[in-house]
Amino acid sequence: MIDVKVNWLKEIDSTNSEAHRRRHEATDFTVWAAEFQTAGRGQRGNTWESAAGENLTFSILFKPSNFLSTRQFELSEVVALGVVN
């Protein structure tokens, strides 16, 4: 069983930025979820804009010990398909 800690936030600059700031102190599978992001970030430097409470805005910290960084896109694909299912 995976122990998931979810940090629910009313508003934050970016859940991705918060995960990055807290990466050393947080455990694997820590989640930051926000009702609204003031400076949301997407992939490859893109911004993420959404109305408050209308989108899934969250980031999950994943600290794999045996995962090649060159396979990050594959992981993204698997997660996206899992969310759709």
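The table below gives the values:
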{"read-out": "Selection count, segment 29-46, where residues are modelled with pLDDT under 80, part of a strand (DSSP E or B) and more than 14 Å from ILE12 (Cα to Cα)", "value": "0"}
{"read-out": "Test: residue in segment 55-70 that is open to solvent by 60 Å² or more (accessible area, probe 1.4 Å), at pLDDT 90 or above and not in a helix (DSSP H, G or I)", "value": "yes"}
{"read-out": "Number of positions in segment 17-28 that are outside any loop (DSSP other than H, G, I, E, B), in contact (Cβ under 8 Å) with a residue 12 or more places away in the chain and farther than 19 Å from VAL83 by Cβ", "value": "3"}
{"read-out": "Pick from segment 10-40, criterion surrounded by 17 or more Cβ atoms within 10 Å (Cβ to Cβ) and more than 10 Å from the chain's Cα centre (by Cα), ranking: nearest to ALA51 (Cα to Cα)", "value": "GLN37"}
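The values are calculated or read from the model by the stated rules, or taken from the named source; none is laboratory data. All figures in this text were calculated on a predicted structure; none of them were measured in a lab. Please note: Cβ atoms are built from the backbone with ideal geometry, for glycine as well, and neighbour counts cover all protein chains shown. When the accessible area is computed, the model is the full protein with side chains, heavy atoms only, and any ligands, DNA or RNA have been set aside. Shrake-Rupley method; radii C 1.70, N 1.55, O 1.52, S 1.80 Å.
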